[in-house]
1. Per-residue counts of other Cβ atoms within 10 Å, averaged by peptide: what ranking do you get for 121-128, 48-55, highest first?
2. Tell me the net charge near Val285. Cut-off is 12 Å between Cβ atoms, Val285 excluded, with +1 for each Lys or Arg and -1 for each Asp or Glu.
3. Could you tell me the calculated FRET efficiency between Leu237 and Val285, based on Cβ-Cβ distance and R0 = 22 angstrom, to the nearest 0.05?
4. Once you put a point 7 Å from the Cα of Tyr215 and another 7 Å from the Cα of Asn56, both along the Cβ direction, what distance in nm separates them?
5. Roughly how many nanometres apart are two label points built 7 Å out from the Cα toward the Cβ at Asp247 and Asp90?
6. Please compute the length gained on full extension between Ile163 and Leu187, using 0.36 nm multiplied by the number of residues separating them and subtracting their Cα-Cα distance.
7. Let's test the formula: R0 of 22 Å, r as the Cβ-Cβ distance of Asn307 and Ser227. What FRET efficiency results, to the nearest 0.05?
8. Identify the residues of the range 243-262 with backbone N under 18 Å of a label point that sits 7 angstrom from the Cα of Val270 along the Cα-to-Cβ direction, or state none.
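What follows draws every value from the coordinates through simple rules; no lab data is involved. All of these numbers come straight from a predicted model, not from anything done at the bench. We place every Cβ from the backbone using ideal geometry, glycine too, and count neighbours over all the protein chains shown.
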Amino acid sequence: MQIIRSNHLFRAVKISVQLFLTLLLLMSVGLRAQQRDSIQMPRPAYDWYDPYKKVNVYYRVTLLDGQFRYGYLIRENEWEVVLRTKRLGDVSIPKQTVESIMPYRDPKTTDRRDPIFANRYFLMSSAEPIDPGDHYVLMNLWGPELQMGVATGFTASVQTTWIANPVLVGLRYGHEIKPYLHVGAGLLYGGDLFQRGNGNFFLPTATATLGDRRYNLSLGLGQLHASEQPQLRGTFLSTGGFVAVSDRLAVLFEAGRLSGGGAALLMPGVRWQRRRGGYIQLAAVGLTYPDPRAPEPPIAGTAAPANKLIRFPFVSWIRRF
């Protein structure tokens with residue numbers, strides 16, 4: 001009986017191995033067929049410019065060096081892409097320099113500069129959202145931050161440290177009042193995973209941005225709340241500015257103040273594009289906060305607590321993905 005059982009077991013294992021190998025073979029054949037189909041598939045059918053149409057599709061062409069070109073699509077073949085632009089008329093772009101072609105939602109806000117190049121300061125973002133499908137990672141010295149354009153007007157974010165604790169998730173919405181005026185609202189929430197929800201962090205914000213992708217100024221207002229750190233509670237006021245010196249170089253600053261603990265922050269700096277889709281930024285940080293080692297005043301309210309000032313360089317990287 002034991003021999004019969006072992007034979008049945010061996011036959012079952014043999015059949016299972018044969019089925020597994022057959023499945024792998026079928027999957028490889030299917031993948032090869034898909035590859036052949038993808039190679040033989042024609043290029044996407046773009047909507048060409050038609051002067052008799054009331055509404056034509058506007059396109060954004062992303063180049064391999066990270067720059068952008070905007071216009072109506074006149075012609076596209078194996079050698080070139082021809083766009084009808086607002087300033088230069090019909091422009092021919094060599095096909096080997098093109099990374100992607102996609103419809104663009106708003107012809108009024110086009111610029112050769114990367115939208116991510118102007119929509120983000122050091123720590124805060126402007127009220128203008130990034131385009132759907134545009135994602136980037138910002139890496140600071142303490143950890144990474146992901147920003148993802150999930151839908152028109154909506155940007156989702158995930159922030160953490162290099163040890164993956166704490167973790168903060170956020171969602172913000174931006175709306176265009178006029179081409180040079182945007183307003184937005186957001187929410188940032190997270191906590192310390194090691195404290196089982198006791199170290200929660202909660203920050204609703206409202207932002208207004210005046211300007212475009214060459215230069216802009218943003219004002220932000222938030223209500224900061226940290227459950228385990230009373231010194232991090234209060235109204236948070238922030239401002240950020242951006243001036244594009246060229247397509248790859250910009251000067252920007254950021255400042256903020258927390259009413260509850262009396263902490264203040266000032267960050268002037270520069271940002272430049274090192275390579276395609278990648279940026280590096282450097283700032284000089286000045287941070288003031290109440291000194292916990294300062295002696296208490298003899299009578300409460302008779303003197304303001306002493307603040308401590310620290311200065312340090314701040315380096316971060318931005319990379320599309």
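1. Numbers: 121-128: 23.4, 48-55: 9.6.
Descending packing order for the listed peptides: 121-128, 48-55.
2. Working: positive: Arg311; negative: Glu254.
Here the count lands on 0.
3. Values: r = 17 Å, r/R0 = 0.79.
My answer for the efficiency is 0.80.
4. So the label points at Tyr215 and Asn56 sit 3.3 nm apart.
5. Each label point is offset 7 Å from its Cα along the Cβ direction, giving 2.2 nm.
6. Numbers: separation 24, 0.36 × 24 = 8.64 nm, distance 2.32 nm.
Contour length minus the Cα-Cα distance gives 6.3 nm.
7. On the way: r = 24 Å, r/R0 = 1.11.
E between Asn307 and Ser227, to the nearest 0.05, is 0.35.
8. 243-254
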